[in-house]
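The values are calculated or read from the model by the stated rules, or taken from the named source; none is laboratory data. Please read all numbers here as calculations on a predicted model, not as lab measurements. Note that each Cβ is placed from the backbone with ideal geometry, even for glycine, and that neighbours are counted across all protein chains shown. Side chains are part of the model used for accessible areas, which takes the heavy atoms of the whole protein and leaves out ligands, DNA and RNA. Shrake-Rupley method; radii C 1.70, N 1.55, O 1.52, S 1.80 Å.
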Amino acid sequence: MQEYFSPYIHDIDRNNNMDLVRYILAFGVLIGHFNYLCGADVPWIISTHNRVGVFFAMSGFVLVKGMLQGQPYGTFVKKRILRIVPSYFFVIIAFALLLAPLSTCGLYDYFTGGQFVKYLLANLSFLNFLEPALPGVFDDCMNNAVNGSLWTMKVEWQLTLTAPPLLWLIKRYRINLVKAIIAILICSLAYHLLFHYLYSTTGKNIYEILGRQFMGQTFFFYMGILIYCYYRQFMKHLAALALIFGVIYFAMPGSEIYYLLFQPFVICIFFMALSLVPGNICRYIDRGNNISYEIFLCHYPIVQLAHHYGLIDRYGTATTFALVVAATLMAAVITYITVGRTFKIYQSRRRSDISLQQRIP
């Protein structure tokens, strides 16, 4: 496979600002859910509709090299499991236990009722839509989901696990990679437009939900792959791309046509350009211990708690937001130290051992 895709395989300069953009996106998701659940209006530089898409674009960009090099599928899956699953499982189980005293059902009914088990099984298998709520928890909130942002994890798995077989088919039938990606982008946009039309004409929420599922997010993932394929050209014009698309992103009026057809391109190019700017500012902040993923996993239940206890009415928006951010950072650090960093070190040692074995004659 590597020979067929060799023109599109590049060595990426790791001294970039992807970690910074991951933090921008993670805090964007936190702020979006804080505004939605608590009725606040905290501003941020990336809108609600776009931040998850940019996460997928970065995933496509980062993962595609191993795919194009023909990394064994089992190895590819294992690496993704070690990166995604430990912290995810820890957060699901930890909040399921910690929120028990909050339940209106009582502890005995909370743990022995079928809903608790169903919640664990559904969420640990990335099918949180089957049971998003814990028994008697957040029933007084506008949305009783414990962690309503986790639908994206299912989509992340769908995108990453279906991409290697798709690339194998492209090689098997000698299809031009770039043309195939462009076709996928067009299909994804068409899918999104179709379900946006159905939602706007019928008002049924199911169409809005389906519109942002797997096919609706495929555009962003493969846009990241396309940017990787043209990495050298992208880096050659990095400053110009960041400036031009940054101006368009912040200055363009929010018309529906722009939002539906052009903004997905704009945000992908602008934030990918921003992420590839040399310098790695975050190395002075987190010393290589990026917790943006853990922030994403932990924030929603904490925002729900703020809403449940009516903290904005008691302390005001600014104080409540500061408390939510502080609590989220604390939970994210605990999650990272407990499991995230452990498996990160394990992966790093394993890569070193494999590299050493390859050098030994």
Requested in this report: Mind putting a number on the dipole of region 137-244 about its Cα centre? Charges go on the C-beta only, +1 for Lys and Arg and -1 for Asp and Glu, and I need it in Debye to the nearest 20.
Outcome: 800 debye
Requested in this report: Any chance you could run the full-extension gain for Thr317 through Glu208? It's 0.36 nm times the residue separation minus the Cα-Cα distance, nm to one decimal.
Outcome: 36.3 nm
Report task. Please name which of Gly53, Ile170, Pro135 has its Cα lying farthest along the dipole of the chain towards the positive end, using unit charges on Cβ (Lys, Arg +1; Asp, Glu -1) and the Cα centre as origin. Result -> Ile170
Requested in this report: May I ask for the Rg/Rh ratio of the chain, computed from Cα atoms with Rh as the Kirkwood radius, given to two decimals?
Outcome: 0.97
Query raised in the report: What accessible area per residue comes out for region 164-317, rounded to a whole number of Å², with a 1.4 Å probe?
Result: 51 Å²
Report task. Please name which of Ser103, Gln2, Gly32 has its Cα lying farthest along the dipole of the chain towards the positive end, using unit charges on Cβ (Lys, Arg +1; Asp, Glu -1) and the Cα centre as origin. Result -> Gln2
Report summary line: Checked against a 21 Å limit on the C-alpha separation, the offending pairs among Lys78/Lys154; Lys79/Lys118; Lys79/Lys171; Lys79/Lys344; Lys236/Lys344 are Lys79/Lys118; Lys79/Lys171; Lys236/Lys344
Report summary line: Sequence order, region 296-302: Karplus ³J(HN,Hα) from phi using 6.51 cos²θ - 1.76 cosθ + 1.60, θ = phi - 60°, Hz rounded, Gly and Pro as x, gives 4, 5, 8, 5, 4, x, 6
Report summary line: Asserting the computed 222 nm helical MRE of the chain (DSSP H runs at least 4 long, -39500 (n - 2.57) per run, divided by residue count, to nearest 500) equals -22500 deg cm²/dmol
Report summary line: Of all chymotrypsin sites (Phe, Trp or Tyr not before Pro) in region 125-180, the ones in DSSP coil with at most 15 other Cβ atoms within 10 Å are Tyr173
Query raised in the report: Pulled fully out, how much extra length does the chain show between Ala190 and Tyr36, if you take 0.36 nm times their separation in residues and subtract their Cα-Cα distance?
Result: 52.7 nm
Requested in this report: Obtain the nm distance between the two label points defined at Ile182 and Tyr4 by a simple spin-label model: each point lies 7 Å from its Cα along the Cα-to-C-beta direction.
Outcome: 2.0 nm
Query - Charged-residue dipole, Cβ positions (Lys, Arg, Asp, Glu), the chain about Cα centre, Debye nearest 20 - result: 1540 debye
Query - Leu198-Arg83 pseudo-label distance in nm [points 7 Å out on the Cα-to-Cβ vector] - result: 3.2 nm
Requested in this report: Return the whole-Å distance between the Cα centroid of region 17-52 and the Cα centroid of region 292-349.
Outcome: 14 Å
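How long are the semi-axes of the ellipsoid equivalent to region 1-99, from square roots of 5 times the Cα gyration tensor eigenvalues, in whole Å, largest first? Present the calculation step by step, with values, prior to reporting the outcome.
On the way: eigenvalues 207, 83, 21 Å².
The equivalent ellipsoid of region 1-99 has semi-axes of 32, 20, 10 Å.
In whole percent, and with a 1.4 Å probe on the protein chains, what portion of the accessible area of the chain is carbon and sulfur?
65 percent
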